[in-house]
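Contents: one structure, followed by commentary.
The values are calculated or read from the model by the stated rules, or taken from the named source; none is laboratory data. Bear in mind the structure is a predicted one, so any value in this text is a computation, not a measurement. Cβ sites come from the backbone with ideal geometry, for glycine too, and all protein chains shown count toward neighbours. The protein model used for the area step is the full one, side chains on, heavy atoms only, and it has no ligands, DNA or RNA in it. Shrake-Rupley method; radii C 1.70, N 1.55, O 1.52, S 1.80 Å.
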Amino acid sequence: MKRKGGPSPSASIHLGERIEHLSVKRQEIIRPILEHPREYVLLSVRAMAKRLHTDPATIVRIVRGLGFGSYREFQRHLHELSLAFATSLDTMQSGGRDPSVPAHVVESLEQDLKNLQGLKNSLDAQRLVALAKRFHEARRIIILAADLATHLAGYLEYQISLLGLPIFAATSAGRILHLVRSVNRQDLVVAVSFRRGLRQTVEGAQQARANGAYCVGIADTYLSPLARECNE
């Protein structure tokens, strides 16, 4: 399930191809930004140009050449990149100026409230109802997850099994491989992975969709491979 209000997924998907069409000089200008997005995401176009030893007009032309409609849209893309490539330590260090433990506790709770408010504002109830029908009609429901997402898989498996639905959780590379090998159009697959996405989960979703299963991706960024590989 993807958040609304982010950059266009199509821009993210074809970014690599569009970079290749830039001149070598412009590729070298843009490369540091894409490799270290956290260092540039908050910069204005003038500040970014100054840091890269070029002019604002060149930055704007590069951004448009990459398929973004505006510099602000490009900034949103950099924000998504920052999320996708962030480590747990980066997340902890991105708090406010007050480094005290009580401040971290307050900031954490405030972020939880913001996340819930964001969910409230972006939830499409009709899509959720349609997805619930797919769950009830599926021959099998398979959850693909690993690492930290394993806990979510266990929670979903337990809760959905209480409804009497045929659900199976695959949280290791071997089990993912064996379960998706036999799925078909009657099955529903839920793949859960965050940031850049774990390879075994992403490849499992790819194989499941290739076999005809309806795939739902749960991620925290539009740049997740699951945003491209899953039906929704």
**Item:** Net lengthening on full extension, His21/Asn184 (0.36 nm per residue, minus Cα-Cα)
**Value:** 54.8 nm
**Prompt:** Which distance in nm do the two modelled labels at Ser100 and Lys114 give, with both placed 7 Å along the Cα-to-Cβ direction?
**Reply:** 2.1
**Asked** Using only Cα atoms, what Kirkwood radius does segment 12-85 have, in angstroms?
**Response** 12.2
**Request:** Taking 7 Å along the Cα-to-C-beta vector as the label spot, tell me the His36-Ala125 distance in nanometres, rounded to one decimal.
**Result:** 4.8
**Estimated 222 nm signal from helices in the chain, with DSSP H stretches of n ≥ 4 weighted -39500 (n - 2.57), rounded to 500** = -17000 deg cm²/dmol
**Asked** Counting only protein heavy atoms, what percent of the accessible surface of the chain is carbon or sulfur at a 1.4 Å probe?
**Response** 55
**Prompt:** Ignoring ligands and nucleic acids, what accessible area does Thr221 show with a 1.4 Å probe (Å², nearest 10)?
**Reply:** 10
**Message:** Kirkwood Rh and Cα-based Rg: tell me the resulting Rg over Rh for segment 125-229, rounded to two decimals.
**Reply:** 0.93
**Message:** Between Val45, Val183, Val192, where does the largest GNM mean-square fluctuation fall for the chain, given springs only between Cα atoms within less than 10 Å?
**Reply:** Val45
**Prompt:** What is the Cα centroid distance between segment 156-178 and segment 128-148, reported in whole angstrom?
**Reply:** 9
**Prompt:** In nanometres, what is the gap between the two model label sites at His136 and Glu107, each 7 Å from Cα along Cα-to-Cβ?
**Reply:** 4.5
**Item:** Net +/- balance of residues flanking Tyr71 in space, Cβ distance below 14 Å, scoring K and R +1, D and E -1
**Value:** +3
